[in-house]
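Asker: Have a look at the structure that comes next, please.
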Amino acid sequence: MKIDVLSLFPQTISGPLHDSILGKALEKHLLEVSVTNFRDFSENKHHNVDDTPYGGGAGMLLQAQPIVDAVAYTQQQAQAEGLSAGRVILTDPAGKRFDEQAAADLAQADHLTFICGHYEGFDERVKAVVTDEYSIGDYVLTGGELPTLVMIDALSRLIPGVLGNDESAVDDSFSTGLLEAPQYTRPANFRGADVPAVLMNGDHQKIADWRLKESLRKTYLHRPDLIDYQQLSPRAKELLAEVKIEEE
């Protein structure tokens, strides 16, 4: 997959991407990320990319021209490499809430372009070239770089080969619609706190049931809104009933 990022602060994006799992994915060419400063596409002699809004109001708006032309450039470059024009993602408070399903959806594309906003927002005409608008939460940040990094991190984990074990993504919280069950590693006893005995008895079915039950318990206690009862298996419904009795 190729990812293009349009940002006024390229180093904010390129620096973190070379650490840990994403850095290894770049080294293995499972992922290619290019960062473009859309200021370079400004037709203004001073290379300005913002201006005051028509009708008045506080702050400055990003102009459409530099961004639209930068998007066209990234799409042309991708198509020259045999990729599609791809999807263009705008980080915007008005966008859909980004979640695991959105990450899985974007991970299927061969080319993505992210537009990082700043100031008081965009000229609305930028949206003529946008295919998707996402928000990572109901709060305000100083720019779109952090939301873009969050989305790139989330979707990259779902690209085959990026994680050392592809099954890791399958079992993660939200991938199954539930929060992940508690996990433990050595030592078996840490300062008086023991690992649950069921995890060490070698009975794979009992371990699977324990993990499902504890996943349901954690979700029930912390994020009950995630539980879609109609989508639960008969066994999951039984275990959830047990959890409710135990917790109430």
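The values are calculated or read from the model by the stated rules, or taken from the named source; none is laboratory data. It should be emphasised that the depicted structure is a prediction, and the values quoted were computed from it without experimental measurement. No Cβ is skipped: glycine too gets one built from the backbone with ideal geometry, and neighbour counts run over all protein chains shown. The accessibility values were calculated without ligands, DNA or RNA, using every heavy atom of the protein model including side chains. Shrake-Rupley method; radii C 1.70, N 1.55, O 1.52, S 1.80 Å.
Asker: What are the ³J(HN,Hα) values, in whole Hz, obtained from phi via the Karplus relation 6.51 cos²θ - 1.76 cosθ + 1.60 with θ = phi - 60°, for each residue of segment 239-247 in sequence order, with x given for Gly and Pro?
Answerer: In residue order, the calculated couplings are 5, 5, 4, 4, 4, 4, 5, 5, 7 Hz.
Asker: Only four residue types carry charge here, +1 at the Cβ of Lys and Arg and -1 at the Cβ of Asp and Glu. Report the dipole size of the chain about the Cα centre in Debye, rounded to the nearest 20.
Answerer: It comes to approximately 420 debye.
Asker: Right, another one. Which of rounded, prolate, oblate describes segment 132-248, given a ≥ b ≥ c as roots of the alpha-carbon gyration tensor eigenvalues and a/c under 1.5 marking rounded, otherwise prolate only if a/b is larger than b/c?
Answerer: Prolate, since a/c reaches 1.5 and a/b exceeds b/c.
Asker: Mind jotting down the distance between the C-alpha centroids of segment 199-222 and segment 31-79, whole Å?
Answerer: 50
Asker: How large a share of the accessible area of the chain, in percent, is made up of carbon and sulfur atoms when the probe is 1.4 Å and the other protein chains stay in place?
Answerer: 51
Asker: Before I look further, what does the chain give for accessible area per residue, probe 1.4 Å, in whole square angstrom?
Answerer: 58
Asker: May I pose another question? Whose amide H sits under 5 Å from the amide H of V35, counting only residues 5 or more places off or on another chain, with H placed in the peptide plane?
Answerer: The answer is V5.
Asker: Would you please give the residues with an amide H less than 5 Å from that of D50, counting only those at least 5 places away or on a separate chain, with H modeled from the backbone geometry?
Answerer: Excluding prolines and chain starts, which carry no amide H, the hits are Q63.
Asker: Follow-up. If exposed chymotrypsin sites (Phe, Trp or Tyr not before Pro) are those in a DSSP loop with at most 11 other Cβ within 10 Å, what is the longest stretch of the chain that has none?
Answerer: 140-248
Asker: Still on this model: Can you list the GluC sites (Glu not before Pro) in segment 4-104 that are in a DSSP coil and have 16 or fewer other beta carbons within 10 angstrom?
Answerer: Here the sparse-neighbourhood loop sites are E43, E81.
Asker: Considering only DSSP beta bridges where both residues belong to the chain, give the percentage that are antiparallel (nearest 5).
Answerer: So the antiparallel bridges in the chain amount to around 15 percent.
Asker: In this model, which of K24/K96; K213/K237; K206/K237; K96/K213; K2/K28 are farther than 21 Å apart at the alpha-carbon?
Answerer: K24/K96; K96/K213
Asker: Whole-Hz Karplus ³J(HN,Hα) for segment 225-237, in order, using 6.51 cos²θ - 1.76 cosθ + 1.60 and θ = phi - 60°, x for Gly and Pro?
Answerer: 5, 7, 7, 9, 4, 5, 8, 6, 6, x, 5, 5, 5
Asker: Using the Karplus curve 6.51 cos²θ - 1.76 cosθ + 1.60 with θ = phi - 60°, what ³J(HN,Hα) values do you get for each residue of segment 17-33, in whole Hz, with x for Gly and Pro?
Answerer: These are the phi-based 3J(HN,Hα) values: 5, 8, 9, 6, 5, 5, x, 5, 5, 5, 5, 7, 6, 7, 9, 10, 10 Hz.
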